[in-house]
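Here is the structure we will look at, set down as structure tokens.
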Amino acid sequence: MTNSPAPAQRGRSKLFSSMSIRNRIALYYTGATALLIAIVFAAIIFTVDSVVYRHLDEELLKEAVETLDEAHIRKDRFEGFSGADKYDDDVFDDDDFSERRHRDIDSEFIQITDAGGRVVRKSSSLFDNSLDVERGKAGTVFRNSTIGSSAVRQVQLPLTGRDGSINGYLAVAVPVRGALLVLRDMTTIVVVSFPFITLVLFALTRLIAGRSIRPIDEVIATAETITQSNLDQRIPLPANRDELYRMSVTVNALLDRLQQAFQREKQFTADASHELKTPLAIVKGTLEVLVRKPRTVEHYESRVNACLAELNRMARLIDQLLLLARDDSSSMKPAIVEIDVAAPLEAALSRIEPFARQKGIALALADAPPCRVKADPSLLEIMFGNLLSNAIKYSPEGSSVEIRIERKEAAVVCAIEDHGIGIPAEQLPAIFDRFYRVDESRSSGTGGSGLGLAIVKKLADLQSIAISVRSEAGKGTTFELTFPS
């Protein structure tokens, strides 16, 4: 059983997910900086507090030593100071201790008690009050205390006799109202200024983040305006060659590919609809003419045969389109095996030969030693059939088509050469595009659809077969298939 997130957690997740990237950057940066500022402020307060109390403790200790010197206490031992003196049991023999010591000092409180905590002497500034004493403490003790409603800082020193026993305690205290006010004011300033600093920091960070991610807003705005009617629009590149620049270049490259794909698809759809519409129109027109009035049997036969020819042409076109569609969907997986390249070539020749005889074109296969290659036999037969059919269509009657199989270094090369009208050099790069025809010479009157060479190129790529073409206008064209070693 899985534990679902709490409603509060789901609410926070939904809130963060709905935030803009500008606000998230500002929030994360402000949170981290605010935490750092809080740590610094706390360290400052702690340091100032420690310095203030250390200064008070030093002053208290100094006053305690001076008090012992001025009180005319008979000296024997005082524990806690280097070079300190010692006292015997009769330590309190100064009658005017408080009056002489504190004639003009009313801000300090001095008190001497015996070992039991009973007050023996105290300064007049204490009036009816007394300082708390921690009995049994043999060392110097600093502590915070109160006199009435006033807070004081107090030091307590033990007074010991010759035998080391504690005979009493000297306590000296000073008010800490001023120090507490300083600490309180500083704390108030920190507490009040911290939210203000955080808000200002968030606003500045959001502004900086907004300026930094402005190219992203431009990418979004440009992408939202791009439709099929303005695919040539591109995202402006930032001045700095940073990650946002790379992102803009990448998106522009993606738009280039989308535009090319859309244009190819648009051209493909237009050409396919035209190619399919033509035979349908011919068949429809022929049949409409036939049903208008009775005809002779010979006329019916000729017209029906013409319709069948157009339907066969349309069927071949549909088969080629489906073949390309299967290839485009990446569902076609060639069955690569080791075969003799002559086997699929001879199969293609047997199918194409009747068509060549009708035009009086000779198919000449040169003798060659057995050459084994790795390829898909059925796909290879389709490739040879299309190349041979293409060579026959655009060769004059009485010419020949020559087929050669030879080894070149570690590769096997199969060449199909015709002596037809050839292809202009400037149009060679486009002959493998779908529905492409060279002007005039590749007209639909030859029965071609403009898909044969596109299919050959796709099937060659599937089998890692290199295909090249050499042609010269008026002299002929040679296609070469180079099989990997």
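In this structure, A364 and K475 have a Cβ-Cβ separation that, at R0 = 22 Å, corresponds to a calculated FRET efficiency of about 0.80. Kirkwood radius, the range 337-483, all distinct C-alpha pairs, inverse of mean reciprocal distance: 15.4 Å. How much of the calculated P(r) for the range 344-419 lies past 16 Å, in percent of all Cα pairs? Tail of the P(r) past 16 Å holds 49 percent of the pairs. With each label modelled as a point 7 angstrom along the Cα→C-beta vector, the H55-S302 pair spans 12.4 nm. Remark: S145, S150 ranked as S150, S145, counting other beta-carbon atoms within 10 Å and listing the fewest first. Extension gain for L207-D319 works out to 34.3 nm (0.36 nm per residue, less the C-alpha to C-alpha distance).
Spin-label model, S400/K277: points 7 Å from Cα along the beta carbon direction are separated by 4.5 nm.
Extension gain for T33-R177 works out to 48.4 nm (0.36 nm per residue, less the C-alpha to C-alpha distance).
Computed packing ranks the peptides 22-32, 423-433, 39-49 as 22-32, 423-433, 39-49, most packed first, by mean other Cβ atoms within 10 Å. Modelled label positions at S464 and N129, each set 7 Å beyond Cα in the direction of Cβ, lie 9.7 nm from each other.
Read the figures in this text as sums done on the coordinates, not as results from a lab. What you see is a predicted model, and the numbers here were worked out from it, not measured in a lab. We place every Cβ from the backbone using ideal geometry, glycine too, and count neighbours over all the protein chains shown.
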